[in-house]
Each structure stands twice: as C-alpha cells, then as structure tokens.
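Participant: Here it is, the structure in full.
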Amino acid sequence: MRSTWLVLLVACGRAAAPPIAERPLPIPDGKAPLLGGAPLSPRLASYRIDATLDVAAKEVRARETLVWKHDGVEPVRAVPLHLYMNAFKNETSVFLRESHGRHRGATKADGTWGWIEVPSIQQGGVELRPQAAYGEDETTLTVPLARPVAPGETLTLDLRFTTRLPEVFARTGYQGEFFLVGEWFPKIGVLRVEGGRQRWICDTFHVASEFFADFGTYDVELHVPRTHAIAATGVLVAARDDGDGRVLAYRAEDVHDFVFMADPWMQVARTTAAVPGGTVEVRVYHRPEHAAHVPRHLEAARRTIETFSRMFVPYPWPIMSVVDPPSDAEGSAGGMEYPTLVTTGGDWDVPGQKLLEEVTIHEVGHNWFQGILASNEVDEGWLDEGINTYADGIVADAMFGADRSSIDGLVRVGYYDRDQILLGMGDALSPIDTKSYEFPDFQDYGVATYYKTSSAMKTLEGMLGRDRVWGALGHYAKKWAYKHPRGDDFIAAMSEGLGEDVRWFLEPALRGRGDVDLRVGAIENRRADPPRGIFGEGDKREARLPEDPKAPWESSVVVANVGRVPAIVDVAFRFEDGEVVTATWSDRTTWKRYTFHKPARLVEVTMDPARKIRLEGNVLDDARRDPPRTGAAATAAARAGFWAQVLAGLVGL
Amino acid sequence: MVAAGARALRAWWRIALGIYLAEAAVALLFTLVVWRTLGALYGDRPLFDRGVAGDATALALALKQHRSAVVALAWAGGALVLGWALLSFYLGPGLLGAFAGRAFGTAARRQFWAFVRLSLWSLIPLVLTLAIAGIGAHLTGATDPPVVDRWRALATLRGAIPGLLLVAAVACAIDYARADLVARDATGAGRALLRALRLTFTSPLPIAHYVVYGLALAALAALYLVAGAPLAGAFLFAVRQLFLAARFAARAIATGGQLELVRSR
C-alpha cells in the first residue's frame, strides 16, 4: 500500500519536474592536483584516457594510454588487465555466480547487463588483442607483449574500449539520469616482489572483494552533455565546449583509481577543511530533495579530513567530493569509496541514528585506509575496511559523544558498543585475516572484516592506552603511506609504534578464530575459623571445634578467559560491606584464582568493569553476584506486563 | 453521552470490575512468567541490571545471550494478547448487553459472531486510515530537516495527525457499531458499521472524546516510559494497575454512553 502511494507520488513528481536545462560551462578548479608539489608515490601505473559518456546508450567509448613502470626483478612478457565491468556481462561471471544478482541489499535489474569490450591493445603499434586471453572469467585479461619489458623499463599500451553500463546495483552504472562510472576502464594488475621473486596480482572480480592497484597519475578528458553536473577524481584543469557537448579535462596525481559521476539534477554545496600544508575544499553533490542532509555530510567529511590528517598523514589532494546518490540509487550506488570522490547515502537517515554521518565518515576515511595506505582489499580486506571502521569511531565519538555516537534517540548506543553488539550477533566462522572471497558468506565477511577488526583495535586501545595506540596507528600510516602494506607490515608497525611486541594479541585476534571470552566462576565464601579436629597426642590430645561468628570470611573465585585471544583484564571485587578491591590480571593465562580474607563476604565480581575488552561477543558472564537478586527482573517484567495489557486493551476490550 | 455512560457503569459496576480483573489477571500471569524467567536467567548477572536501569548497550548484550528465551516470552505475551482479543468478542457484547439491561450471558452468546465479523469489517477503514497516517508521517519525515534530537524526532510525525484523527473517528465508529449491534439485537456487522460511520461523521462531537482519550493514553504511556525507568518492579506494577483501571473505566463510560446515544436515535 505504502509503496503504491509512493510510486504515484514519485510519478507525479516526475511529471511536474522541469525540463533538463543546460548548465554553464564549468570553471576549472585552478588548483594543483596535490597540495604539496612533489610526487608522493612511485607512480608506477599512469593513464591518459579520452572518454565519451553517451547518456542515451549508457555507454562510455574511450581511448586509453597506459604507462607502466617495471619495478620488479625479472623481465615481463605478459601483463594482466582488470576488466571489472565484465562482472555484469552474464551470469557465468564469478561476481554474479557468487552474488546471485544481489549486492548489499541491492538487486540487479533483469536485462541491464554491463560489459567492457577492448577491441584493440597495441604496444608500439603492434596489435596484441588477438593473443590476449581471459582468466577465470572475463574480468581479467592477460596480454602477451610483443616485446618483453626489462626491470626499470617503461611499458606503454594504447587501448580502445567501450564500456556498457548496467543499471547500478553494485556501485557502478546508471539509475535513470544518474551515472556513477566506476571500475570502467582496463586497469593493469600489481607486480609484487616477494622473496626475490615477482608475481602479478590481478584477481578475478569477486562479490565481496574490492580493488588493488598501483599509484600513478590520471589525465582524463571526459566528453559529457552540457546538461549534466560532473564530479570526478582529481581536479578540473580545463573545460571547453566542442559543439556536441562539453570536454572536461581532469588530472589526478598519486591515486590508484579514477571515477566520475554525471547527473542533470545535482547541486553542489561546499565547505573547507584545514589540513597541514593547505586547505581542502569539501564538496557534497546532491539532488535538491536531499538538501536537508547536506550540512551533516559536510561536517562529517570535514571532521574526518581534519582528524585523520592530524592523526595519520595529511590529506594530500585539494578537493574531496562526496556524492549523495538519488533515492532510487542509494542502496546500489551509495557508500563507496574512490580516491578524492566517495558516495554516501542521504536516505539512510533514521531519526536518532547517526548512520548518515557514519557512512560519510567511513567513505571519506577510506581515502587513508586504502586510498593512501593502498593495501590489497581482495586478500586483506580487514586492513582497510576494519582499521578504517575502528578509526571512524574516533571521529564519531568526538562529534557526538562516546555514549551516543551510533544512536541518540529513545535509547543511546555508542559507536563501538554497536560494533560489539553486532560482533556478538554473528560469530564469525572465519578469521579476520581471510581472503575476501574465501568467507562462507557476506555476513561472515562483514562481521569479521569490519566489526571484529574494529573491536580488536578498540580492545588493544583499552589494554594499552588510547594515546599509545593512536600514536602507533599514526606511525603505521606514516611508514606505509603511498605504498602497499600487508598484514605483517601492520602488525610490525604497530609493535614499533607501541614500543612493545603486540603479536601476542594481534596474531590470534586477526589470524585465529574466536575472541576473548571472560568468565567469572562460582563465588565461594566461608568463615575462616581456626582449623577444627583432634589435635595432639595422649594427654595433650584435645578437640577443637571453634565456630567464631566474628571470624573473617575467606572468599575465593576463579576468573577465566576461555576464548582463543589472550587479554589483559581488570577485575573488580565487591564485598558485602561495600569495599571494592580491584586487580589487573595481566599474565594472560587461561584462569586465575583470587582469594581474600575480609570481614565481609565477597558478593560480586566484575571482569573488565570499564568495558575495555570489546573483542568479546558474550559479556553476560563477565560478572557474577552471589546471592542472586531478581529486582531488575521484576522491573522488566512489570514493564512487559504493562505493554501487554496496553496491547490487550487496544485489540480487545 | 458521558453522563449516560457513567450511569451505566454505576449500575453495572460489578460486571465491569469482573471484566477488568479478568484482564488484569491475564496480564499478571504474564508478568509473573516474565519475572521468574528473567530472574532465573539473569539473577546473578549484574549486566542485566544495568540494562534495565537504562543502559541500552548492556540490555542488548544481556538479552542476546538468551535470545531464544526472550523470543519465547514475546510469543507467550503475543498469545495472551490474542487470547484476550478472542475473549473480548464474548465479553464485549456481554458488557454492552448488561448496560442495556439484558442478561450478560445471553447478549454475549447472541452477539459473539457478530462481533467477530465486525472486527474483520473494521480492518478495512482501520488499514485505510492508518495508511493515510503513515503516508503523512513519511512525507513530513522526508521533507523535514534531519533530526538529531531525541524528542524532536517526534515532531517529524506531525504529518500523521490528519490520518490519526481519521483513525480516532473510525475507532469511535467501531464502538458505535458494537453498541448498534447490541441495542438492535442485530447480527449484521457490515450494516452496523456503515450506520455507525454515518452517525460518526454526521455527529462528530464524540470523536473529540476519542481524541482526548487517545491523547491521554499516549501521554500516560509516554510518562510511564520516561518516569517508569527508575521505579522498582512492585511500585511500577501498582502504578500500572491504577493507570489501566482508569483507562478501563473511561472506556466503559464511553461505551455505555454510546449505547445510550444509539438507543436514543
């Protein structure tokens, strides 16, 4: 019923919408592609692309020149290319086989296939395309070279290609007049040298995997209609009218991808973020109906840029664009990151929830965790998604307060509390450090990669101190910026930054299954009377059966960590007379017995009273009291009875 | 109408009290089951206390460890509510019959199926008016500035007000239809509902009673939600019974008044 009404309303809205009008010729940004002048990365893979967006045919037709620097150790005789768009070509692609046409809640529309055709690949005028062969599916293409490339040499390939865009359901394509053009051009894999040997990394496009590419420069000329607002990676260096439409020239430096958005209805709002070395212009592209959300997106993006620039490395580019897709493309195009351009979601606003800001913070945060620290998202998704999820909480907590940074409505829930609740909702079957396509399902991938990683980092912060862990994360960022860090590099950098080896925690947390699982055993109290029995021999034999009601109590309890991840845990012991004793259990053993001689009985034991240990799904048995009390149960029952009676009154008499 | 309803309640207070006590007994039974179950599950776990005291995270973390038991309790509550709804098809005509001077059991038996059919017919206007309220809330929710404050969130629901007024009118009409069935000793539920809708919209004043009644119910429920948090179980239960007894009396007065109104037409 509701959807029928909404369809009618939307239809009326469409009918009343003004005709699409031409826009003024955009003014170039007048900014250098980098805030600092010097290159930040090795710039191994650079692209010059001349592309025409045909909005009627939903196609991009382009010529591309790929310039690749060989920094390996052996000659290269063939190069692999990603052709990501072929994931949407037919149902034999690995992506569609794994996803069954569904991706993060969005469903692929029937018959709107997407693909990329590359009819020509030339090396120095020699056509290579006939010899090229697809990999596991058509999302990778291996191209034998006419002439091998020696280490230190540069390879130049000239390509022609046509990309047909699908109706967007997995972060690329069109929806009505909205276009998000990502993963759209042939892109070279990454040549990695390990142990003196080199190998190409160019994975098939899987449903749970994202991307991995070398840094470089991008010079992209886009031929677009005069009617469309355009947002793209990098800065607009020139704009002209060529008779058929607009030609917009973009340049981006020290990035590893290029994406653009086109839409005739988008408006743009701006603010600035101050970072070391300059000012970043923050833009939010949105349709008029989402205007109310713009200040929240702008503030979330600004706070993220400023916070991460201060904590990690400065944001190096002069512009950050946040695209809020139209309502009918929110689920399919929203919440995705590319260098200097991310998508968010305006319709995800639920009163009281901070999801809207959270998505913007997360996607902008990806400009560090994968944008600058360019880890392999396919093999080690946690290294960007998980560490970013943890770092996002720093911004969210600062913006809203730690106790309400996720939900601030009739109930309040903090950002990291939410992570812990979600962590316990689905115990991950796989370790965090699992290749993205080897998780049994998307839920397992999500719980392990995002929430478990975030909870592990928050636990490390709780055990070792916030400032130390933040400092160590900053050390990792500075050490591996504009490189390709791996999990081992992260663990080593964190140990360096903390000044102590933290493999004891990070190895089992990241590479093992399970979590911390604290448990308080039964509390035992008995009078510490002097020993009773028969003492002495012969004439000196005597029976001692003293029962001193004033004797102190001997109380003991066993606390345990039966999980697979060790932890340093604070324990609080409360006695009947109100005295509280605290201790830190730091030897990381499986269990420990605590014994006390006190004038009052031990009545309550709480492990981790400050809730520093977040990598734990079951926290209910972290505390125990003896004797039990049912006052809270009575209060809860009275409320349940009340609402049942109200409901009974509504449906009955 | 109110005066007539009060007269009827005074005359037949024993029957009204009996019905209220039956409802309270059902709720008390449910409360006891919940109390003993939660006490057994969480009596030695302080985390649950923190949750009940208002820490939403603690409550979520505590409840999810015994999700099956909590879901089972919810189903039990739902079953009791449904059972009460079914029982009301018998008690409702009996109470109205008593107000009209007939024997409780005779009226209850004779009009039981008519009341069942009336409840099914009533779904049509109720769903329609609730849909109007939902669409209104959606429209204002979509156009309002995003809400960050917990109470201002309620303001986004103002678009639902026209729809909720219609819901109140339909609720009033449904009660008229019940009174109509008993007063005429009739069994045609659909026709009774149509007559009642006509009566409601030609003499709309009683709708105001329903609006006041609905607002009072919502205000008291909100008050309970906010002020109930620090209250202990037993006191909370007593407050609850006072509130619900008042609610039941108000409803009985309205019903008796409607019966008088229908009979006078």
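The values are calculated or read from the model by the stated rules, or taken from the named source; none is laboratory data. For clarity, every value in this text was computed on a predicted model and none was experimentally measured. Quick reminder, even Gly has a Cβ in these numbers, built from the backbone with ideal geometry, and neighbours come from all protein chains shown.
Participant: Can you find a residue that is over 16 Å from A:Arg251 (Cβ atoms), crowded, with 17+ Cβ neighbours inside 10 Å and either free of Cβ contacts under 8 Å to residues at least 40 places away in the same chain or within 30 Å of the chain's Cα centre (by Cα) (or both) anywhere in the stretch A:28-46?
Facilitator: Scanning the stretch A:28-46 turns up at least one residue that is over 16 Å from A:Arg251 (Cβ atoms), crowded, with 17+ Cβ neighbours inside 10 Å and either free of Cβ contacts under 8 Å to residues at least 40 places away in the same chain or within 30 Å of the chain's Cα centre (by Cα) (or both).
Participant: Kindly indicate whether B:Phe104 is crowded, with 18+ Cβ neighbours inside 10 Å and more than 10 Å from chain A (Cβ to nearest Cβ).
Facilitator: It is true that B:Phe104 is crowded, with 18+ Cβ neighbours inside 10 Å and more than 10 Å from chain A (Cβ to nearest Cβ).
Participant: Going through A:Val565, A:Val646, A:Val580, A:Val605 one at a time, which residue ends up being in contact (Cβ under 8 Å) with a residue 40 or more places away in the chain and within 14 Å of another protein chain (Cβ to nearest Cβ)?
Facilitator: The conditions single out A:Val605.
Participant: For the stretch A:64-101, give me each residue that is part of a strand (DSSP E or B) and either in contact with a Ser or Thr (Cβ under 9 Å, 6 or more places away or on another chain) or without any contact (Cβ under 8 Å) to a residue 40 or more places away in the chain (or both).
Facilitator: A:Thr65, A:Leu66, A:Val67, A:Trp68, A:Lys69, A:Ala78, A:Val79, A:Pro80, A:Leu81, A:His82
Participant: Go through the residues of the stretch A:194-217 one by one and say whether even a single one is at pLDDT 95 or above, under 28 Å from the mean Cα position of the chain (by Cα), outside any loop (DSSP other than H, G, I, E, B) and surrounded by 22 or more Cβ atoms within 10 Å (Cβ to Cβ).
Facilitator: Yes, the conditions are met somewhere in the stretch A:194-217.
Participant: Let me ask you something else. When the stretch A:290-334 is examined, which residues are found to be surrounded by fewer than 24 Cβ atoms within 10 Å (Cβ to Cβ), touching a Phe, Trp or Tyr at 6+ places or on another chain (Cβ under 8 Å) and without any contact (Cβ under 8 Å) to a residue 40 or more places away in the chain?
Facilitator: A:Ser309, A:Glu330, listed by residue number.
Participant: Considering each residue of the stretch A:625-643, count those that are of a type outside the set (A, V, I, L, M, F, W, C) and more than 7 Å from every other protein chain (Cβ to nearest Cβ), and give that number.
Facilitator: Total satisfying the criteria: 1.
Participant: Since B:Leu82 meets every condition but one in (1) without any contact (Cβ under 8 Å) to a residue 24 or more places away in the chain; (2) within 10 Å of another protein chain (Cβ to nearest Cβ); (3) crowded, with 18+ Cβ neighbours inside 10 Å, which condition does it not meet?
Facilitator: Among (1) without any contact (Cβ under 8 Å) to a residue 24 or more places away in the chain; (2) within 10 Å of another protein chain (Cβ to nearest Cβ); (3) crowded, with 18+ Cβ neighbours inside 10 Å, B:Leu82 violates only (3).
One line per residue, one yes/no per condition, for (1) modelled with pLDDT of 85 or more; (2) closer than 29 Å to B:Ile135 by Cβ; (3) within 13 Å of chain A (Cβ to nearest Cβ):
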site	(1), (2), (3)
B:Leu181	yes, no, no
B:Ala189	yes, yes, no
B:Arg198	yes, yes, no
B:Pro204	no, yes, no
B:Val239	no, no, yes
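Participant: Oh, and also: What are the residues in the stretch A:311-364 that are within 14 Å of another protein chain (Cβ to nearest Cβ) and assigned to a strand (DSSP E or B), if any?
Facilitator: A:Gln353
Participant: Take the stretch A:296-327 and flag every residue that is closer than 19 Å to A:Asp392 by Cβ, touching a Ser or Thr at 6+ places or on another chain (Cβ under 9 Å) and of a type in the set (Phe, Trp, Tyr).
Facilitator: A:Tyr315
Participant: Okay, next question. Looking only at the stretch A:612-624, decide whether some residue is away from chain B (no Cβ under 13 Å) and not β-branched (Val, Ile, Thr).
Facilitator: Yes, the conditions are met somewhere in the stretch A:612-624.
Participant: On the basis of being farther than 26 Å from B:Arg36 by Cα, assigned to a strand (DSSP E or B) and of a type outside the set (A, V, I, L, M, F, W, C), does A:Arg588 make the cut?
Facilitator: no
Participant: Give me the helices (runs of 4 or more DSSP H) completely within the stretch A:382-475, filtered to those with at least 2 residues that are touching a Lys or Arg at 6+ places or on another chain (Cβ under 7 Å) and more than 30 Å from A:Val94 (Cα to Cα), ordered by residue number.
Facilitator: Passing ranges, in order: A:385-400, A:415-425, A:453-464.
Participant: Something else about it: Which of the residues spanning the stretch A:152-195 are among the polar types (S, T, N, Q) and over 18 Å from A:Ser327 (Cβ atoms)?
Facilitator: A:Thr154, A:Thr156, A:Thr162, A:Thr163, A:Thr172
Participant: Just checking, does the stretch A:499-513 include any residue being under 19 Å from A:Glu385 (Cβ atoms), out of contact with any helix residue (DSSP H, G or I) (no Cβ under 9 Å at 6 or more places or on another chain) and modelled with pLDDT of 95 or more?
Facilitator: no
Participant: Further question: Does A:Pro485 fit the bill of being touching a residue at least 40 places away in the same chain (Cβ under 8 Å), within 29 Å of B:Ala58 (Cα to Cα) and away from every other protein chain (no Cβ under 14 Å)?
Facilitator: no
Participant: Something else about it: Determine if the stretch B:31-40 includes at least one residue that is surrounded by 21 or more Cβ atoms within 10 Å (Cβ to Cβ) and more than 7 Å from every other protein chain (Cβ to nearest Cβ).
Facilitator: Scanning the stretch B:31-40 turns up no residue that is surrounded by 21 or more Cβ atoms within 10 Å (Cβ to Cβ) and more than 7 Å from every other protein chain (Cβ to nearest Cβ).
Participant: Could you tell me whether any residue of the stretch A:519-540 is under 21 Å from A:Gln420 (Cα atoms) and either in a loop (DSSP other than H, G, I, E, B) or touching a residue at least 12 places away in the same chain (Cβ under 8 Å) (or both)?
Facilitator: yes
Participant: Now a separate question. Going residue by residue through the stretch A:594-602, is there one that turns out to be surrounded by fewer than 23 Cβ atoms within 10 Å (Cβ to Cβ), within 11 Å of another protein chain (Cβ to nearest Cβ) and assigned to a strand (DSSP E or B)?
Facilitator: no
Participant: Something else: Condition first: in a strand (DSSP E or B) and aliphatic (A, V, I, L, M). Now tell me which residues in the stretch A:555-582 satisfy that.
Facilitator: A:Val557, A:Val558, A:Val559, A:Ala560, A:Val569, A:Val571, A:Ala572, A:Val580, A:Val581
Participant: Looking at B:Trp75, is it aromatic (Phe, Trp, Tyr), out of contact with any helix residue (DSSP H, G or I) (no Cβ under 8 Å at 6 or more places or on another chain) and modelled with pLDDT of 90 or more?
Facilitator: Criteria met by B:Trp75.
Participant: Out of all the residues in the stretch A:608-652, which are in contact with a strand residue (DSSP E or B) (Cβ under 7 Å, 6 or more places away or on another chain) and farther than 23 Å from A:Ala560 by Cβ?
Facilitator: none
Participant: Then there's this: Of the numbered conditions (1) without any contact (Cβ under 8 Å) to a residue 60 or more places away in the chain; (2) more than 19 Å from A:Phe642 (Cβ to Cβ); (3) surrounded by fewer than 21 Cβ atoms within 10 Å (Cβ to Cβ); (4) within 8 Å of another protein chain (Cβ to nearest Cβ), B:Leu61 fails exactly one; give the number of that condition.
Facilitator: The one condition B:Leu61 does not meet is (3).
Participant: Among the residues of the stretch A:108-145, how many are under 19 Å from A:Arg164 (Cβ atoms) and β-branched (Val, Ile, Thr)?
Facilitator: The total comes to 6.
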